[in-house]
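Student: I'd like to ask some things about the structure below.
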Amino acid sequence: MTRIKRGYIARRRRTKMRLFSSTFRGAHSRLTRTMTQQKTRALGSAHRDRSRKKRDFRRLWITRINAVIRGIKVFYSYSVFIHNLHKKHLLLNRKILAQIAISNRNCLSMISNEIMNFAGFILQGRV
């Protein structure tokens, strides 16, 4: 009876997995079972952290804006600033506002003053 050689499909699958996990340390890059476990874990962490990164950057931008706004006006807070920004229909997102806050505080203070003047007009019933 002739010898039957194994197919190439499983070997090709393991080779792909080996290439993915080649940078892992120890048995995680050598043993097939631990390679698959680490690959699953790595892809799950990557998926989770893509959402996490968006959340973390939003928190950073809010913190930066709030720090600069409180430095400009003592009685003024981030939430009031954003509320007045939306009332005035200024379409500046938090990322852009944070970049303005870091690079040019005077520009952010001008925006803040403009919004405060507008909010004052609304309170007095002029608009």
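We did not get these values from a lab; they are worked out from the coordinates using the rules stated. Computed from a prediction, not measured in an experiment: that's the story for all the values here. FYI the Cβ positions are ideal-geometry reconstructions off the backbone, even for glycines, and counts take in every protein chain you see.
Student: Among the aspartates and glutamates, select those whose C-alpha is under 20 Å from the C-alpha of K88, and discard any that sit fewer than 8 residues away in the same chain.
Tutor: List returned: E114.
Student: Let me ask another. Which order, highest average first, do 99-109, 18-28 follow once you tally other Cβ atoms within 10 Å for each residue and take the mean per peptide?
Tutor: Going from most to least packed, we get 99-109, 18-28.
Student: Once you have the Cα-Cα distance between T34 and M110, take 0.36 nm times their residue separation minus that, and quote the gain in nm to one decimal. Provide the component values of the computation, followed by the final result.
Tutor: Values: separation 76, 0.36 × 76 = 27.36 nm, distance 5.77 nm.
Additional length available on full extension: 21.6 nm.
Student: Straight-line reach only, C-alpha to C-alpha below 24 angstrom: list the lysines that K54 could link to, leaving out same-chain residues fewer than 8 apart.
Tutor: K39, K95
Student: Still on this structure, I have one more. Per DSSP helix of 4 or more residues, -39500 (n - 2.57); summed, then divided by the residues of the chain. What does that give at 222 nm, rounded to the nearest 500? Each step should come with its number before you reach the end.
Tutor: Values: 5 runs with 93 residues, N = 127.
-25000 deg cm²/dmol, from helical runs alone.
Student: I need the fraction of alpha carbon pairs in the range 8-125 separated by more than 17 Å, rounded to a whole percent. Walk me through the numbers before you get to the answer.
Tutor: Values: 4588 of 6903 pairs.
When every Cα pair of the range 8-125 is considered, 66 percent fall beyond 17 Å.
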